[in-house]
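What follows draws every value from the coordinates through simple rules; no lab data is involved. Everything quoted here is computed from the prediction, not taken from an experiment. Virtual Cβ from ideal backbone geometry, glycine too; neighbours counted across all protein chains shown.
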Amino acid sequence: MRKSWTMAAALLLTGVIAGCGSGAGKSADQAKEGTANASAGTVKKIVVGTGTAFPKICFIDENGKLTGFDVELVKEIDKRLPQYEFELQTQEFANLLLSLETKKIDFVAHEMEKNPEREQKYLFNKEPYAHWRNKIIVGKDNNSIHSLDDLKGKKVLTGATSAEAQILENYNKTNNNAINIVYQSGAAKDSVNQITTGRVEATIGADFSLPLIDPQGKLKTTGDDLSEADILFVFRKDDPEEQKLADDIDGAIKELKADGTLGNLSKQWLGSDFTADSKK
């Protein structure tokens, strides 16, 4: 079946810098089932929530096209799951999880980091498609900040509902709200302007994200890793259909890893292969 792609109308330009099984692909039974369902005309439509303002991840290019690492990965997965038809719907990052909860979308594709807080509320698929490390990001001439303790009394930019916001909020819970958290209202690339103009002192971002949002090298990472995590898709919890969708997507991701497609997508969009945990 020839798949069609549609994108929802609301292209709201907000975002953030940013939240292994055995076998190498779908089983023969899974593949047969998917093909049979597609042939029988029982293809299920799946609405995928993503954003528009995360450079190289999910963004609008110079031709007005929605593209990026997560977007193109979703399209590759769709090709390998004939029992589904994926439709990309763009939203503000801060609204994605609420839209998932209210069943406006079926899963989230926006470099979502798995952490304990999110696991309490949401289902994640099991096969990571990226792995990242979060670090403090400051201006290139700033040599005074190396840790969260150094951010006490300072303004730090982050995206609402992001994994990076969770790091700052958790720190504040045990340190009398010592960090002045500024929740981002602009696109990810606005972080460079906010830091270089002194409106905020720092932000937190994934290791791969800095050259994407700051190609001119006005910022730098500093200090030790604050956290590291697998990047996965997010689904509704305690929903059998969502669990099946997540399992099917895991099978497709295994195929994409095995044939090199996933690594190549990472190199194309992120400049290096961030698709595996280096500890494994």
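Miscellaneous remarks
- Sequence-ordered 3J(HN,Hα) estimates for the stretch 257-272 from the Karplus curve with 6.51, -1.76 and 1.60 and θ = phi - 60° stand at 6, 5, 9, x, 4, 5, x, 5, 4, 4, 5, 5, 9, 10, x, 7 Hz, glycine and proline given as x.
- Cleavage-rule hits, trypsin sites (Lys or Arg not before Pro), the stretch 72-181, DSSP coil, Cβ neighbours within 10 Å at most 16: Lys103, Lys104, Lys121, Lys126, Lys140, Lys152, Lys154
- Proximal aspartates and glutamates to Lys75, defined as alpha-carbon separation beneath 13 angstrom and excluding residues fewer than eight positions away on the same chain: Glu85, Glu87
- Shown for the stretch 160-277: lysine pairs separated by 8 or more places, or found on different chains, whose C-alpha atoms are under 24 Å apart, numbering 10.
- Distant-in-sequence amide H partners of Tyr84 (H built 1.01 Å from N, under 5 Å): Lys44
- Cα-based shape type of the stretch 211-280, given that a ≥ b ≥ c are square roots of the gyration tensor eigenvalues and the cut on a/c is 1.5: prolate
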